[in-house]
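All remarks here apply to the structure that follows.
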Amino acid sequence: MDLHTWIIYLLAAIGLSLSPGPNGLLALTHGALHGRRKALYTIAGGALGFTTLIALSMFGIGALLKASIVWLAILKWVGGAYLVWLGIQVWRSPPIGFEARAPAQPRAGWSLFRQGALSALTNPKGLLFFAAFLPQFIDPARSLLVQFAVMAGTFGATEIATELFIASMAHRISPWLRRVGRRFNQACGGVFMAIGIALPLRS
């Protein structure tokens, strides 16, 4: 992956990590209930789940590319359409927030890690999302394994940093999300739609 493509991918990953989703909400909730240190287990589990989904998506795409390079162009346009549709759904979604409650019972780190991983792995939209998003950046002339390492590492680091910030600021972020959450969702939905429209047009 060349530097220009990686920078576009990084910016897209940041925008996507900031958009509302089950793992972001889980990090917000666990940060408020259990504190930042315990929420790290949740975040690490989610990162592992996302890395698994990226691997399944990329190597599945790689198998199609071995059959025909035409599949990459098809995947880019179908994926772009899916991202636009997803952006519309995010645009319309209600704001998220965490209602303050009494302190939760202590939980083991492994339990939080497992919940974070399962939240990522069992989200039915996760695999569809990565199957739509990743083909926009794959270069069939380069090593798929190296591209996987770069893409998974970049997305994982971005997701961890974003969710750690969310968990650390849970009590401050949640009221803000309730106030401006709809506009925030519209901005995130706009990111999805822009990615879906612009990336398939790249040569």
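Here, each number is a calculation from the coordinates, and none is a lab measurement. Everything numeric in this text was worked out from a predicted model, so none of it was measured. Positions of Cβ are generated from backbone atoms using ideal geometry, with glycine treated the same way; all protein chains shown enter the neighbour counts.
Assorted remarks:
- Separation of the Trp6 and Phe165 label points, Cα + 7 Å toward Cβ, nm: 2.1
- Between Leu128 and Ile88, the FRET efficiency from the beta-carbon distance, with R0 = 22 Å, is close to 0.90.
- Once you reduce region 1-58 and region 121-166 to the center of their Cα atoms, the two points are 9 Å from each other.
- Extension gain, Val78 back to Arg114 (0.36 nm per residue minus Cα-Cα distance, nm): 9.7 nm
- Footprinting exposure proxy ranking of Thr158, Thr42, fewest other C-beta atoms within 10 angstrom first, gives Thr158, Thr42.
- Environment charge of Ala47, counting only residues whose C-beta is closer than 12 Å and scoring Lys/Arg +1, Asp/Glu -1: -2
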